[in-house]
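Taking it in order: structure first as structure tokens, then the write-up.
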Amino acid sequence: MTGLSDSFQRPINYLRISVTDRCNLRCTYCMPAAGVSLTSHRDILTYEEIYTIAKAAAELGIDKIRITGGEPLVRSGLPKLIQMLAQIDTMDEIALTTNGTLLSRYAAELKSAGLQRVNISLDTLRQDKFKFITCGDNNLGDVLKGIEVARSVGLNPVKLNTVVMAGINDDELLDFATKTINEEWHVRFIELMPLVDEETIASQFVSVSEVRQRLELLGELEPCLPSAGNGPAKYFRFPHARGTIGFITPVSEHFCFNCNRLRLTADGQLRLCLLSDDEVDLKQPLRSGISSAGLKELIEEAVARKPLRHHLAEGDTPKDRPFCQVGG
Ligand code: SAM
Ligand code: SF4
């Protein structure tokens, strides 16, 4: 195994796999208000097809996989896919990003199948706001229970992803931060990307530097190592805190120079950058019987085409596929 690297000499060892374009929530910043057109079931990769792609990618040097969606837990039989991926012996890490609503039901089964870690999206600690942000009669208690069960079955460290929105949840920054002091919460504050309803979202943007300033009312944040993983977040903790705080700055400071990833969409396209529409089709070649060597060539072609950076700050946003169907 030689390892993959792109034309800017960035090592590529991480694959994010979206297993479905469906979601049981409709978060305001992710899902367009008019909804999205869903891919028909026959165009969604089967678990066997996902495994074939992951295996070929692993033979090229991919050793970390994250399962995402839409909401990955709405696809039935997810533990079976985890079990298949866990059999790839060079795979170092298999993780999941979820909204947590269905997690308490599946956490134990996922853990025994070989899942190692989980990131859970949680933007508020208040039920009324949870309903508002997720646009429906959804229950925050389900997510909190998901967090608890994930921890108890050993999917640790559980990281929480919190998108900060002015006037929506920025009054809860200190509540989240306090949780990292008193409990073993690992909270990552994410800058809101203007991907849906750009005007409203622009007015809700809060930069990480402002978030950090507000958090320091509780004390000085000390840089620290991540509790796990090697993603784009920078980590800190309050003195003597049990948990950590991460900051992710897709808007104010892109982290593309460290990009190590590819994304596989539920309909079998390798996406070269979260924020660019360029994709390489794997589904059709796979369904036409491409060899493992041919599949690997397509993956290498995708890696070679990775762009240097995204251009969100210049107003350049992806148009072809809504964010909820790429999986973050
Ligand atoms: N449904 C799963 C979940 O919510 O965790 C996985 C898919 S979701 C698209 C992955 C991550 O993208 C979530 O943590 C979500 O908060 C984040 N996200 C979605 N839209 C975003 C936006 N406009 N700006 C910043 N983060 C966003
Ligand atoms: Fe919310 Fe995740 Fe669904 Fe997007 S994909 S609407 S972030 S739960």
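The values are calculated or read from the model by the stated rules, or taken from the named source; none is laboratory data. All figures in this text were calculated on a predicted structure; none of them were measured in a lab. Please note: Cβ atoms are built from the backbone with ideal geometry, for glycine as well, and neighbour counts cover all protein chains shown. Side chains included, ligands, DNA and RNA excluded: accessible areas come from the protein's heavy atoms. Shrake-Rupley method; radii C 1.70, N 1.55, O 1.52, S 1.80 Å.
Looking at (1) touching a residue at least 12 places away in the same chain (Cβ under 8 Å); (2) under 23 Å from Val74 (Cα atoms); (3) part of a loop (DSSP other than H, G, I, E, B); (4) not basic (Lys, Arg), can you tell me which one Ala166 breaks?
(2)
Please count how many residues of the stretch 275-328 are outside any helix (DSSP H, G or I), surrounded by 15 or more Cβ atoms within 10 Å (Cβ to Cβ) and of a type in the set (A, V, I, L, M, F, W, C).
Total meeting the criteria: 5.
Filter the stretch 219-238 for residues that are assigned to a strand (DSSP E or B) and open to solvent by 40 Å² or more (accessible area, probe 1.4 Å) and give the result. First the steps, then the outcome.
Of the stretch 219-238, the ones assigned to a strand (DSSP E or B) are 222-223, 234-237.
Selection gives Glu222, Pro223, Lys234, Arg237.
So, Lys80, is that one away from ligand 2 (no atom under 15 Å from the Cβ) and within 24 Å of Thr52 (Cβ to Cβ) or not? It would help to see each step written out before you state the result.
Working: away from ligand 2 (no atom under 15 Å from the Cβ): yes; within 24 Å of Thr52 (Cβ to Cβ): yes.
So Lys80 passes the test.
Tally up the residues in the stretch 239-257 that are open to solvent by less than 50 Å² (accessible area, probe 1.4 Å) and either among the aliphatic types (A, V, I, L, M) or over 18 Å from Thr162 (Cα atoms) (or both), please.
Initial filter on the stretch 239-257 (open to solvent by less than 50 Å² (accessible area, probe 1.4 Å)): 241, 243-251, 256.
Going one step further and asking which of them are either among the aliphatic types (A, V, I, L, M) or over 18 Å from Thr162 (Cα atoms) (or both), we end up with 241, 245, 248, 251, 256.
Total meeting the criteria: 5.
Return the residues of the stretch 288-304 that are more than 22 Å from the chain's Cα centre (by Cα) and without any contact (Cβ under 8 Å) to a residue 60 or more places away in the chain; say none if nothing qualifies. Before you say what the answer is, go through the steps one by one.
Here is the first cut: in the stretch 288-304, the residues more than 22 Å from the chain's Cα centre (by Cα) are 288-298, 300-301, 304.
Once the filter is applied, which keeps residues that are more than 22 Å from the chain's Cα centre (by Cα) and without any contact (Cβ under 8 Å) to a residue 60 or more places away in the chain, the stretch 288-304 yields Ser288, Gly289, Ile290, Ser291, Ala293, Gly294, Glu297, Leu298, Glu301.
Kindly indicate which of Glu184, Glu199 is modelled with pLDDT under 95, more than 14 Å from ligand 2 (Cβ to nearest atom) and assigned to a loop (DSSP other than H, G, I, E, B).
Numbers: Glu199 fails: assigned to a loop (DSSP other than H, G, I, E, B).
Unique residue meeting the criteria: Glu184.
Among the listed residues Arg16, Arg42, Arg26, which satisfies the condition of being within 16 Å of ligand 1 (Cβ to nearest atom) and either outside any loop (DSSP other than H, G, I, E, B) or on the phi > 0 side of the Ramachandran plot (or both)? Steps first, answer last, please.
Values: Arg42 fails: within 16 Å of ligand 1 (Cβ to nearest atom); Arg26 fails: either outside any loop (DSSP other than H, G, I, E, B) or on the phi > 0 side of the Ramachandran plot (or both).
The match here is Arg16.
Any chance you could count how many residues in the stretch 87-106 are under 25 Å from Met31 (Cα atoms), away from ligand 2 (no atom under 13 Å from the Cβ) and under 20 Å from the mean Cα position of the chain (by Cα)?
3
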